[in-house]
Amino acid sequence: MTHIVSKAPLVGFAVALLALSGCAGPGPKLFPTHASENTKPETRTYDLDQDGRDDFLETLNDDGRVVSLARDKDNDGVFEHRVVLTDIPSEERHEFFLLLDSIPHALVAEAWEQGRFRYFHPPSRVIAPFPVMTDLSIAEFFGISPCPGLESEYFDGKRLQSGYMNYASGKNTPWHAFMDYTMWSVLHGESYSDPLPWYGRELRRIQEEVNKRSDQPRTRAYVVGTSAIGASLGEDGHRQALDRLDRYCQQLIADSDGRTRITLMSDHGHAFVPSQRIPLDDILREQGYRVGKTLEKPQDVVIPQFGIVTYAAIHTTEPAQVAKIVLGVEGVELAIYPSPDRSTIYVLNKDGRSTIEANHESDAIRYKYSVVEADPLNLQRAWASLRTDEQGYVSDHELFEATKSHEMPDAVARIWRAFHGLVENVPQLIVTTRDGYHCGSAYMSRRIDLIGAHGNLRTMSSTGFLMTMAGELPEVMRMSDACETLAKRGVTLK
């Protein structure tokens, strides 16, 4: 889910659907929790039919990955039906791509190191675009940017568009066209009321879809429930979700005798900190601004407030003045706005100021980061290690390599992209909050004790994961490069 939303305007439709479908419903068929006592370091055995005899065997390589399967179909104690995963012909494989909302790379890497997800190569870090939102991330993944807005509620230059109507109609989700399964958007709010059962419902429905489409080349599915789990249950909730996901993948592989090849990815991460809302609308009203749905007079301001996220878009004819006001608010970390022609982007925090410029004269884009005062992105040390040209520009590739593990990874390129091609309706000012503070819906902030959020430039929010059975991937990549990277491993999703 791009963010937590109020379901109040959609509740009538949701009630009608729930009357037909019941509540969350049953969960998926899952693999056994533990291997049997007969398991050895190089093998794991399981009793799948629960008759007291091991009937399924996984063989692991020296790296601890599962490389083959075997079954004892006649209960004679011999695993005679062996399948080497890499030997399965491509025409017999079913590619399954599962996109999960809001799971940070760090938790998946932890699970992999603990011995889970061992059908997969180690998880890679994937850096989401900024602001860190689902629609933007997945549009970049499939190469179909720009989205109309940063989120479903956006200002189109004339009037603030209804987030609820856009969310229900999918107006800001062009990536849905690439999915074979997504839960009805009208039910997303319900998943936040009881996230673990609704997550199980989604996995079951997707399991049914994979089985139904087993004769098709692929199935692509999206899970919103992990966003709800992270938002209200935090790290412990995500660990439970990952445990079920591991067993879920094992079950799909076992049911297909290894012919389901799985790729897992999250759209972005989640910062797990109890969070309080910053009422930007009230604060700007107190400073004499008129917060509304249109920009007609100099002090009119439009602030979409649909999700509960660690950034805010502000539409104003006075971005520099509004930035100065919001930077004095507790919890605000950065204020970012472009010059009128967008040739320069100004990045400010309470004490510092810098600028970002880009050079498009060559085929590859080059960036310049100039500190005016106090380095708000804390990039001077990394920048000093880079080779600049005579005008002070650095290649995009070198800058990415130098800042991909920074506290705000790949910040310069991500900030530039936010104002150049990521969305059609570009705000005049983007504000980010420190972890522990958020902006957005006042209603949902009252309803949910938020302990997981995303949106800002920081690592936990920005960094999702990608791992596949198809082969090893680069350690770190941008979301915009991930789909092509998978295609080079034989996983075609478009």
Failed item, numbered, when GLU407 is tested on (1) within 16 Å of VAL126 (Cα to Cα); (2) of a type in the set (Asp, Glu); (3) open to solvent by 20 Å² or more (accessible area, probe 1.4 Å); (4) in contact with a strand residue (DSSP E or B) (Cβ under 9 Å, 6 or more places away or on another chain): (4)
Hits in the stretch 146-160 (condition: over 17 Å from LEU295 (Cβ atoms) and open to solvent by 30 Å² or more (accessible area, probe 1.4 Å)): PRO146
Leading residue by the ranking (farthest from VAL301 (Cα to Cα)) among those in the stretch 322-340 that are assigned to a loop (DSSP other than H, G, I, E, B), open to solvent by 10 Å² or more (accessible area, probe 1.4 Å) and not polar (S, T, N, Q): GLU330
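Just the residues that are part of a helix (DSSP H, G or I) and open to solvent by 20 Å² or more (accessible area, probe 1.4 Å), please, taken from the stretch 161-185.
Result: TYR164, MET165, TYR167, ALA168, SER169, PRO174, HIS176, ALA177, PHE178, SER185.
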Members of the stretch 208-250 found to be within 13 Å of the chain's Cα centre (by Cα) and not in a helix (DSSP H, G or I), listed by number: TYR222, VAL223, VAL224
Residue match in the stretch 381-402 (condition: open to solvent by 20 Å² or more (accessible area, probe 1.4 Å), touching a His at 6+ places or on another chain (Cβ under 9 Å) and polar (S, T, N, Q)): no
For GLN391: the one exception among (1) free of Cβ contacts under 8 Å to residues at least 24 places away in the same chain; (2) assigned to a loop (DSSP other than H, G, I, E, B): (1)
Some residue of the stretch 296-307 being in contact (Cβ under 8 Å) with a residue 24 or more places away in the chain, open to solvent by 30 Å² or more (accessible area, probe 1.4 Å) and over 24 Å from GLY189 (Cβ atoms): no
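Can you tell me which residue is surrounded by the fewest Cβ atoms within 10 Å (Cβ to Cβ) among those in the stretch 99-133 that are assigned to a loop (DSSP other than H, G, I, E, B) and of a type in the set (S, T, N, Q)?
So the residue we want is GLN114.
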Residue check, LEU69 at negative phi and at pLDDT below 95: no
Set ILE314, ILE336, ILE278: member being within 30 Å of TYR222 (Cβ to Cβ), in contact (Cβ under 8 Å) with a residue 40 or more places away in the chain and in contact with a Cys (Cβ under 7 Å, 6 or more places away or on another chain): ILE278
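The values are calculated or read from the model by the stated rules, or taken from the named source; none is laboratory data. Here the structure is a predicted model, which means the values were calculated and not measured. Backbone-built Cβ (ideal geometry, glycine too); neighbour counts: all protein chains shown. Surface areas here come from the heavy atoms of the whole protein model, side chains and all, with no ligands, DNA or RNA. Shrake-Rupley method; radii C 1.70, N 1.55, O 1.52, S 1.80 Å.
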